[in-house]
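A.B. asks: To start, I am sharing the structure in question, which I have written as structure tokens.
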Amino acid sequence: MMRRQVPLLICFVAGIVMLSQNFIPPLTWIYQQALEWARIISAIALFIGLISLVRVHTMKLKRKAPNYRYSYVTLFALCYMIIAGFLTKYGVFVKLHAGCDPGSAGEWIVTALEKALNFQEIFLNVQIPIQATMFSLLAFYIASAAFRAFKARTFEATLLLIAAMIVMLGRVPLGQMIPGVKEITVWILDVPNTAAKRGIMIGVGLGMASTSLKIMLGIERTYLGMKD
Amino acid sequence: MTGMELFWTWVAAFLTLSIYSFLYKDNPFYKFAEHLVVGVSVGYIFTINWHQGLHPYLFNPLAASWEHPYNLLRVIPLILGLLFLLRISRKYNWLSRFTIALVMGIGCGTAIPPTIETRIIQQTKASMINIIDQPSLWAGFCAVTILVGTISTLIYFFFSKEHKGVLGGTARVGIVFLMVGFGASFGYTVMARISLLIGRLNFLINDWVIGTWNFIAG
Amino acid sequence: MKFLFFLLQMDRRIVFVLVALAVVAPLIMPLNLPIVVGDKVRRLYDAIDQLPPRSRPVLVSVDYDPSTVPELQPMTLAVLRHCFSKEVPVIVTTMFPTGAGLARDAMETVAKEYPNLSYGTDYAYMGYKPGYSLVILGIGENFQATYPSDGYGTPSSKLPILKNVKNYDDIAIMVDFTASAAYEVWIMFAHQKYGCKVGAGVTAVMASDAYPYLNSGQLEGLLGGLSGAAEYEKLIGAPGTATIGMDAQSIAHILIIVLIILGNVAYFATRRHREPAQTATPQQGGSA
Amino acid sequence: MLLFVLLVATGHAQSSAFDRPPAPVTNVALKDAPDDAGGAITISWTLSPDDAGGAMDVIGYDVRRSTSPDGPFQTVKSVPRGSSEAADETDLDSNVNYFYRVVVKDAKGEAPSVVAGPVQAKVPWFNLGRLNTLIATIIYITLLLYFIFHAKKGKKLFIRRLAGLDALDEAVGRATEMGKPILYVPGISQISDVATIASINILSGVARTVAEYNTRVIVPNYDPIVMTVAQEVVREGFLAAGKPDAYDEHDVFYVTTNQFAFVAAVDGIMVRERPATNLFIGMFFAESLILAETGASTGAIQIAGTDAVAQIPFFIAACDYTLIGEELYAASAYLSRAPLLLGSLKGQDWMKICLIGCIAVGVVTLLFGIESFRDFFETPLMIFRQ
């Protein structure tokens, strides 16, 4: 009862309230409140993620799994960022500064230490470039995917590749010099593309709303680890 | 450029090249960069989450609840969050279900009306076009094509009837629209991806190579 | 025939090398290919171009992070240059924490080119405020309450540009630059709820998703990717990084098209010479 | 120069108008703003003669409010010249009488209108502006419930073939034969994203099959809550297959809530663990192709499913099977064949018929010049205002 029915009831009631507040203005404050609750809960939930990450990597170290040495890199980077983040973001240094006489050796050390942590620099020069480079791998992958997969095997595949080639041509100045290409590109994007997107959007909307309803009603409950 | 900036540019360039080396094959440089970015990103998120999530939305309001008793309501999500943390306990992990159920209920209930409004009603409305009153015959043809395309795509998504006969024929027209649409999206996207590569190459050439040269030269 | 078989089984790393060459070559030797301006870009250009000097301000939101700078920063700069050159007031905001530096950079870069305009009167930078859609809604209720101070910490009440800005009614048009669904949130709230005109600059990928909004009139105009930025640069007569990048784009696109054609030629020419088993790569299932 | 043009255009006789304050506005009307969450009053007026024509030197209008007709009045809103309407939304209490006056301003001075009022800002109990959404929601929910309950009675329901899901068993079987794991990526979004939930439902089916085949399933996660749910679902799957001991909690783990760091790690898993089958199901963004191309290079069978319209083409190009849009939401019903879920699919189909009917009616009525049907989909209030 406690384990099965109560969670389903909570889900149902929360769902109904949130659904109706959309139409009933006097209830909109509930929405604001719920947003904040959700934000707080997901902020706390990050601890679970952290625990999982640490567990996975300490496990690799313990089991001496293949490539386990790289787990040291992850764990070190993680601890460093958390500690450096707390020291820099939490005004620990500001307090230390206040405790030192201006111009004293103590203040010099505090300043040097704060600088040496490089919290923001690591974010900007480690995380950001790796992110951007991972993203840019797509330039290579989109070419290799097109080369490998775009074969006119079936009627549908042919349509796909012809549309792709025309639009590619129509997108760049060099291709636009071919008469008609730009116009056809615009037509493909504006007409069949819009129609297909609209059809998908409506379909997805129906699927989303229906799944949401099934969850509220407890018909779809696998997410609670319950099967019927 | 200062010496420190030059150092960080080299770090960024080294990591950029480490990631690109993955295109050849998996190697220690990539493994290092990969494990590094996982650690750094989680650490960063954790700090930001504490600083910009828990502090302003939980700790500060609760600390001020003496003046604003209304803030005490936030004890509820705190408790729910703590229940969620019981995941790690073998005995009490079922308690985290309350939290998940609430989050799901809020998410689903909130989602239904806007989904219906923006994805269904708005798009249905946009499909209602006056096919006669168009500036040209061509525009009229396009309008009819969009109409046919939208409806046939929608029919492709029919699940409870076998795609045979008229339904099958219409669904096939829908597939034609889908394929042309997907091809168009694919072709359209190439430019964005090449742009990203240009961006990284700009960094490597301008900031790293030329930057280093300028630093040494003067 | 040997070449065709080679093509068919070509290591994808050769494709990677070709792509890299195609992009690097034009960066070193620009080709200066012509640029044709599309209707969607022109619509946004016209919407801003018709504003008189010292009109109601344009609100620009920089909702992207460093990963999409190559595509989105050039268009942000182009639109800002357009406003500055017409002396249309600009308010710059961001809904992304990582967009704060980018927004300020873009505004300061352009501001340097127009020393006759002054901060606080002709342009302002509001910085990052957490809350995302709540902030977008907040602007509709009360701009100054949402942004009590600007991105440099100056109280909003001291900025002349904000004096008459109560909510969206006082914004001539808002332009969102984003690589996410942020523009949809702006449409949903700023346009649907408060009736503010919304224009968008999005990455090329997002652009086709945004078409339905353009056709249904929920968007005023749309810049898509680097080409959108290059077109805007052409409209305002100030070629920049986007224009140069378009040369590299041309070569890379042609390369991919040539690869697809070669791949198909090889596929069909060698079909008879292959064992059937070789062609039996798993197909997209019945429906697709 | 501008001044000169103005002088010529307006004629000498009115040039004296520059020396006096502008003529006040007339016909101030107050209305409780209708389609809102309450707390707003719309004030409209006829433009000052000096704004509409005349001296043309009006700067703008101030809307001033008071709780008594005698004042004091406070400015609650300023609008530029040429505006004849404003909405007051500042700290209005319901059931309080408010009085307004509109003040026209020019460089020389200002002129107030007569006081208008009283008016009350009422918080309506229903937002009429969303009437169309409410009707559509009710119709849809009714259809779904009808078919769900219909299905409960045990009527056999048909569902068309979904190739991607038919291939699931085969894909899991192949992994078993090769002695390699299966990789399942439940997208990179939160649990409240409906696509993620659809993915979790599919994962629960996959987990049971995997357990029956004695294979390993690796589930890297982007979001901690999704991870928790995925753990629960996979464990349940192994339990249902009668092999609770075969479940390794470390196979369902959290990586990072950072898009490209996550991709870097999953790419690493793909080239090192060499899973025989990759499943990418849920909400995906730009990383879709990075994952799918890396997976293709390792020779894995790949099945993808997403409702992210922009990413479907890449999955189609680089994966063997792709669930497109709504197919993702049908998957749960397809895999479990649970009558209730199949019933809801039928409801979805009937809603499609309704919508196609609406589009048809809309197109036909527009042919006859009737716009109100279409407009009801935009702003239902149009009907009440007419």
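The values are calculated or read from the model by the stated rules, or taken from the named source; none is laboratory data. Keep in mind that what you see is a predicted model, and the values were worked out from it rather than measured. Quick reminder, even Gly has a Cβ in these numbers, built from the backbone with ideal geometry, and neighbours come from all protein chains shown. Surface areas here come from the heavy atoms of the whole protein model, side chains and all, with no ligands, DNA or RNA. Shrake-Rupley method; radii C 1.70, N 1.55, O 1.52, S 1.80 Å.
A.B. asks: Return yes when D:D307 is at pLDDT below 95 and among the acidic types (D, E) and no when it is not.
C.D. replies: Yes: the conditions hold for D:D307.
A.B. asks: Let me ask you something else. So A:Y70 fits all but one of (1) more than 9 Å from chain B (Cβ to nearest Cβ); (2) aromatic (F, W, Y); (3) in contact with a His (Cβ under 7 Å, 6 or more places away or on another chain); what number is the exception?
C.D. replies: (1)
A.B. asks: Pairs needed: first member in region A:29-48, under 12 Å from B:G107 (Cβ atoms); second member anywhere, of a type outside the set (F, W, Y) and open to solvent by 40 Å² or more (accessible area, probe 1.4 Å); C-beta distance under 8 Å; at least 6 residues apart or different chains.
C.D. replies: Within 8 Å, the pairs are A:L35/C:L134; A:W37/B:I76; A:A38/D:S192; A:S42/D:Q190.
A.B. asks: Given (1) open to solvent by 40 Å² or more (accessible area, probe 1.4 Å); (2) facing another protein chain (nearest Cβ under 9 Å); (3) at pLDDT below 90, where does C:M10 come up short, assuming only one miss?
C.D. replies: Here C:M10 clears every test but (1).
A.B. asks: Mind listing whichever residues of region C:107-125 are touching a Pro at 6+ places or on another chain (Cβ under 9 Å), of a type in the set (S, T, Y) and part of a loop (DSSP other than H, G, I, E, B)?
C.D. replies: Listed by number, the list holds a single entry, C:T121.
A.B. asks: Go through region B:106-218 and tell me which helices (runs of 4 or more DSSP H), entirely inside it, have 1 or more residues that are farther than 27 Å from D:T365 by Cα.
C.D. replies: Fully inside region B:106-218 and qualifying: B:165-202, B:211-217.
A.B. asks: Select, from D:G129, D:G164, the only residue that is farther than 28 Å from B:T99 by Cα, within 14 Å of chain C (Cβ to nearest Cβ) and buried (at least 24 other Cβ atoms within 10 Å of the Cβ).
C.D. replies: Matching residue, one of D:G129, D:G164: D:G164.
A.B. asks: Regarding A:V110, is this residue away from chain B (no Cβ under 11 Å), surrounded by 17 or more Cβ atoms within 10 Å (Cβ to Cβ) and either more than 20 Å from B:H55 (Cβ to Cβ) or modelled with pLDDT of 95 or more (or both)?
C.D. replies: yes
A.B. asks: Looking only at residues that are part of a helix (DSSP H, G or I) and within 11 Å of another protein chain (Cβ to nearest Cβ) in region C:160-186, which one is surrounded by the most Cβ atoms within 10 Å (Cβ to Cβ)?
C.D. replies: Out of the qualifying residues, it is C:Y168.
A.B. asks: For region D:249-279: of the residues being acidic (D, E) and within 14 Å of chain B (Cβ to nearest Cβ), which is nearest to D:A211 (Cα to Cα)?
C.D. replies: Restricting to residues being acidic (D, E) and within 14 Å of chain B (Cβ to nearest Cβ), the top hit is D:E249.
A.B. asks: Provide a single number: the residues in region A:113-137 that are farther than 20 Å from B:V38 by Cα and either more than 10 Å from chain B (Cβ to nearest Cβ) or open to solvent by less than 30 Å² (accessible area, probe 1.4 Å) (or both).
C.D. replies: Residues in region A:113-137 being farther than 20 Å from B:V38 by Cα and either more than 10 Å from chain B (Cβ to nearest Cβ) or open to solvent by less than 30 Å² (accessible area, probe 1.4 Å) (or both): 3 in total.
A.B. asks: Another question, if that's okay. Does D:L328 satisfy the condition of being part of a helix (DSSP H, G or I), open to solvent by 10 Å² or more (accessible area, probe 1.4 Å) and either in contact with a strand residue (DSSP E or B) (Cβ under 8 Å, 6 or more places away or on another chain) or closer than 20 Å to D:I303 by Cβ (or both)? Working first, answer last.
C.D. replies: Values: part of a helix (DSSP H, G or I): yes; open to solvent by 10 Å² or more (accessible area, probe 1.4 Å): no; either in contact with a strand residue (DSSP E or B) (Cβ under 8 Å, 6 or more places away or on another chain) or closer than 20 Å to D:I303 by Cβ (or both): yes.
Against the criterion (part of a helix (DSSP H, G or I), open to solvent by 10 Å² or more (accessible area, probe 1.4 Å) and either in contact with a strand residue (DSSP E or B) (Cβ under 8 Å, 6 or more places away or on another chain) or closer than 20 Å to D:I303 by Cβ (or both)), D:L328 does not qualify.
A.B. asks: Let me ask you something else. Identify the residue in region A:9-22 that is open to solvent by less than 60 Å² (accessible area, probe 1.4 Å) and more than 7 Å from chain B (Cβ to nearest Cβ) and, among all such residues, is nearest to B:I48 (Cα to Cα). Break it down into steps so the answer makes sense when it comes.
C.D. replies: Let us first name the residues in region A:9-22 that are open to solvent by less than 60 Å² (accessible area, probe 1.4 Å), namely A:10-11, A:14-15, A:17-22.
Next cut, more than 7 Å from chain B (Cβ to nearest Cβ) only: A:20-21.
Working: A:S20: 34, A:Q21: 31 Å.
Checking each candidate, the answer is A:Q21.
Every residue, every condition in (1) open to solvent by 10 Å² or more (accessible area, probe 1.4 Å); (2) among the acidic types (D, E); (3) away from chain B (no Cβ under 14 Å), yes or no:
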residue: D:S192; (1), (2), (3): yes, no, no
residue: D:I202; (1), (2), (3): no, no, yes
residue: D:V229; (1), (2), (3): no, no, no
residue: D:G242; (1), (2), (3): yes, no, yes
residue: D:Y247; (1), (2), (3): yes, no, no
residue: D:I281; (1), (2), (3): no, no, yes
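A.B. asks: Could I ask something else about it? Scan region D:144-169 and report the pairs whose first residue is at positive phi and whose second residue is β-branched (V, I, T) and open to solvent by less than 90 Å² (accessible area, probe 1.4 Å), with Cβ atoms within less than 9 Å and a gap of 6+ or a chain change.
C.D. replies: Pairs that qualify, where the first residue is at positive phi and the partner is β-branched (V, I, T) and open to solvent by less than 90 Å² (accessible area, probe 1.4 Å): there are none.
A.B. asks: Select the helices (runs of 4 or more DSSP H) contained entirely in region B:19-100, then report the ones holding at least 2 residues which are at the interface with another protein chain (Cβ under 7 Å from one of its Cβ atoms). Full working, then the answer.
C.D. replies: Details: elements: B:28-49, B:60-63, B:75-85.
Hits in region B:19-100: B:28-49, B:75-85.
A.B. asks: Filtering region C:28-54 down to residues that are open to solvent by 30 Å² or more (accessible area, probe 1.4 Å) and not in a loop (DSSP other than H, G, I, E, B), which residue is nearest to C:E220 (Cα to Cα)?
C.D. replies: Out of the qualifying residues, it is C:R43.
A.B. asks: Could you tell me whether region B:121-140 includes any residue that is under 30 Å from A:Y223 (Cα atoms), open to solvent by less than 30 Å² (accessible area, probe 1.4 Å) and without any contact (Cβ under 8 Å) to a residue 24 or more places away in the chain? Step through it out loud before you land on a result.
C.D. replies: As a first pass, look at region B:121-140 and keep what is under 30 Å from A:Y223 (Cα atoms): B:121.
If we keep only those that are open to solvent by less than 30 Å² (accessible area, probe 1.4 Å) too, we end up with B:121.
Those still in the list that are without any contact (Cβ under 8 Å) to a residue 24 or more places away in the chain too: B:121.
Taking every residue of region B:121-140 in turn, at least one turns out to be under 30 Å from A:Y223 (Cα atoms), open to solvent by less than 30 Å² (accessible area, probe 1.4 Å) and without any contact (Cβ under 8 Å) to a residue 24 or more places away in the chain.
A.B. asks: Another question, if that's okay. Looking at region D:134-153, which of the residues that are of a type in the set (V, I, T) and within 12 Å of chain B (Cβ to nearest Cβ) is surrounded by the fewest Cβ atoms within 10 Å (Cβ to Cβ)?
C.D. replies: Filtering region D:134-153 for residues that are of a type in the set (V, I, T) and within 12 Å of chain B (Cβ to nearest Cβ), the one surrounded by the fewest Cβ atoms within 10 Å (Cβ to Cβ) comes out as D:I138.
A.B. asks: What do you reckon, is C:V37 within 25 Å of C:N164 (Cβ to Cβ) and in contact (Cβ under 8 Å) with a residue 12 or more places away in the chain?
C.D. replies: Here the answer is no, as C:V37 does not meet what is asked.
A.B. asks: Considering only residues that are under 24 Å from D:K180 (Cα atoms) and facing chain B (nearest Cβ under 10 Å), which ones fall in region D:299-315?
C.D. replies: Within region D:299-315, D:F315 is the sole residue that qualifies.
A.B. asks: Next up: Regarding A:G203, is this residue more than 25 Å from the chain's Cα centre (by Cα) and closer than 30 Å to A:L8 by Cβ?
C.D. replies: Here the answer is no, as A:G203 does not meet what is asked.
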